[in-house]
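Reading through the structure tokens given below for one structure.
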Amino acid sequence: GIVAFALYKALALAFGDADTSTLALKKVPEKAFEGRVVWITGASQGLGELLAQALFAKGALLILSARREAQLQRVADKLGDNSRVKLLPLDLTAGETELADVVKKAEAAFDNHGVDVLVH
């Protein structure tokens, strides 16, 4: 919990697109991410994997991206409820056309809900 919250605050401050009312709180409200679609790039290991675990625990619907699909599947399997996790393999060095296609897939991943939060 504490590590995820610290990471959340650091990312929110770094990207400057934070909800300042949430940042002022001592902890992230339990339902802050419930039902929200969060797309995490680099989700196959390290910080991305930890964020996936923390946001999943907060009720988020996750789109996990990285180059290695097998590693993404490992992360998804650890999370458990695959109805709340979509895998979207992605190489960020791909061309603009391929990246545009991936964005469309992400936006459609959960019944065309779109993406509420992107963690890159």
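In table form, for the structure just shown:
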| item | result |
| --- | --- |
| Amide H contacts under 5 Å for Lys86, placed H, 5+ residues apart | Leu62, Ile63, Leu64 |
| Between 0 and 90°, nearest 10: helix 46-57 axis offset from the chain longest Cα axis | 70 degrees |
| Rounded to 10°, Cα long-axis angle of helix 96-108 versus longest principal axis of the chain | 60 degrees |
| Relative contact order (%) - the chain, alpha-carbon pairs under 8 angstrom, separation at least six | 25 percent |
| Max mean-square fluctuation residue, GNM over the chain, Cα-Cα springs under 10 Å, options Val38, Val102, Val75 | Val102 |
| Distance (nanometres) between label positions extended 7 Å along Cα→Cβ at Glu69 and Asp116 | 2.9 nm |
| Rounded to the nearest 10 Å², the accessible area of Thr97 at probe 1.4 Å | 100 Å² |
| Whole-number percent relative contact order across the range 59-120, with pairs defined as alpha carbons under 8 Å at least 6 apart | 30 percent |
| GNM flexibility winner over the chain from Asp77, Asp91, Asp101 (Cα, springs under 10 Å) | Asp101 |
| Percent of beta bridges antiparallel (DSSP, the chain, rounded to nearest 5) | 0 percent |
| Residue-wise HN-Hα coupling along the range 29-36, computed from phi with Karplus coefficients 6.51, -1.76, 1.60 (Hz; x: Gly, Pro) | x, 3, 9, 4, 10, 4, x, 8 |
| Close Lys-Lys pairs in the chain, where close means Cα under 20 Å and separation is 8 or more or interchain | 12 |
| Backbone HN-Hα couplings from phi across the range 73-78 [Karplus 6.51/-1.76/1.60, Hz, Gly and Pro as x] | 5, 4, 5, 4, 4, 5 |
| Folded to 0 to 90 degrees: helix 2-15 orientation relative to the chain principal axis, Cα | 70 degrees |
| For the range 67-120, alpha-carbon Rg relative to the globular expectation (2.2 N^0.38 Å, N residues) | 1.19 |
| Radius of gyration, Dmax [the chain; alpha carbons; angstrom] | 13.9, 42 |
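The values are calculated or read from the model by the stated rules, or taken from the named source; none is laboratory data. Predicted model only: the values in this text are computed from it and were never measured. All Cβ positions, even for glycine, are placed from backbone atoms using ideal geometry, and neighbour counts span all protein chains on display. Heads up: the accessible areas ignore ligands, DNA and RNA and are worked out on the full protein's heavy atoms, side chains in. Shrake-Rupley method; radii C 1.70, N 1.55, O 1.52, S 1.80 Å.
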